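Where a number appears in this text, it was derived from the coordinates with a stated rule and is not lab data. Small disclaimer: the values here were computed from a predicted structure and weren't measured.
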Amino acid sequence: MCTIYGITFVLKKEEEEEEEEEEEEEEEEEEEEEEEEEDDADADDDDDEGRRRRRRRRRRRRRRRRRRRRRRRRRRRRRRTTTTTKKKKKKKKKKKKKKKKKEEEEEEEEEEEEEEEEEEEEKKKKKKEEEEEEEEEEEEEEEEEEKKKKRRRRREEEEEEEEEEEEEEEEEEKKKKKKKKKKKKKKKKKKKKKKKKKKKKKKKKKKKKKKKKRRRRRRRREKKKKKKKKKKKKKKKKKKKKKKKKKKKKKKEEEEEEEEEEEEEEEEEEEEEEEEEEEEEEEEEEEEEEEEEEEEEEEEEEEERRRRRRRRRRRRRRRRRRRRRRRRRRRRRRRRRRRRREKKKKKKKKKKKKKKKKKTTTTTTTTTTTTTTTTTTTKKKKKKKKKKKKKKKKKKKKKKKKKKKKKKN
């Protein structure tokens, strides 16, 4: 009876242990199912990497379940073929312990593999984030370049507008100068006309005066003659006889005097005519000189216009050359910057590959390297921006000074 009692006692213990193990396994299976449901609920991402992770986890869980089922089957078989000896039971317990240890070790290894895979996934995420940050920085730089291009275009348009305004102002000034010159010419012509009129008036006055003088002289002469005649008549009455001879002589003398006076008058008239002719010649010479002066002024104006046109052409050519040079410099700078960026990216990739080969599963080193690189790049960019702003301010000041000088000239 003792043997039977002992066998029944041992069997009960084994059954209790098996029941406990089965309950634990059922609890683990329920936990795994809950984890799968949570993973399915969180799996809203459509990325390929997320799908791969889920597949790996499902495969691991399936393997665990298969192993557990195999263990249960083996236990059931052993129950059927169990012997009542204690030695065999001890051996079985030892084997169970060994199997448990092996299973625990395998589970630990699987967990370590899972952790390693998760670490790799985290690294990939970090790489993606870094790449996205770099892409964002590049996009920001491109946007800044586009803004700069727009600003440059606006500046060029403003410069062209200023040039057009300057040309319009020059044309307006020329028109004003032409108007002033025309007014001056008109004034000169008016003055000349007035002078001519005055001269003509003077000449007329002179002629009138001369005519008056001549008339007066003639009248005086006539009066004198009349007086003489009267006297002669009186004398004749008194002394007709005595002075007949004398009268003849006197008549002859008077006739000679009259002839002389007439000759003198004729000579005076000729002299006046000669003076008039000389004055007319002088007027003609003055008119010719004025015409020559006008022609010279017109020639000078044409020469000034030509000079101004040449100056404008030269200025335009210089401005075009300067613009072309600036554009070429900008293009070269952009190419250099792109090449430098590409070289830096290649160097970073090479360094990362070397680090991966050397390093084992560690996370601290990668985080430190990424943080340092980002800080250095941002500081350099800020310094470059400050330098560019200073250069732009200097260029603006130079342009303003040049414009002021041009306006003064």
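Between segment 269-297 and segment 88-152, what is the C-alpha centre distance in whole Å?
First find each Cα centre; the distance between them is then 114 Å.
Gap in Å between the Cα centre of segment 197-225 and the Cα centre of segment 302-330?
The distance from the Cα centre of segment 302-330 to that of segment 197-225 comes to 72 Å.
What does the C-alpha gyration tensor say about the overall shape of segment 296-357? Classify as rounded when a/c is under 1.5, otherwise prolate if a/b is larger than b/c, or oblate.
On the way: a/c = 16.72, a/b = 15.59, b/c = 1.07.
In terms of gyration-tensor shape, prolate.
Per Stokes-Einstein, at 4 °C and 1.567 mPa s, what whole-number D in µm² s⁻¹ belongs to segment 214-285, with the Kirkwood radius over Cα pairs as the hydrodynamic radius? Please report the intermediate quantities before stating the final value.
Working: Rh = 15.1 Å.
Translational D for this selection: 86 µm²/s.
Just list whichever of Lys185/Lys210; Lys223/Lys247; Lys226/Lys246; Lys187/Lys404 have alpha carbons separated by over 25 Å in the model shown.
Numbers: Lys185/Lys210 37 Å; Lys223/Lys247 20 Å; Lys226/Lys246 19 Å; Lys187/Lys404 36 Å.
From Lys185/Lys210; Lys223/Lys247; Lys226/Lys246; Lys187/Lys404, over 25 Å: Lys185/Lys210; Lys187/Lys404.
Per the Cauchy relation, a quarter of the hull surface: what is the mean projected area of the convex hull of the alpha carbons in segment 203-342, in nm²?
On the way: hull surface 51.0 nm².
One quarter of the hull surface, i.e. the mean projection, equals 12.7 nm².
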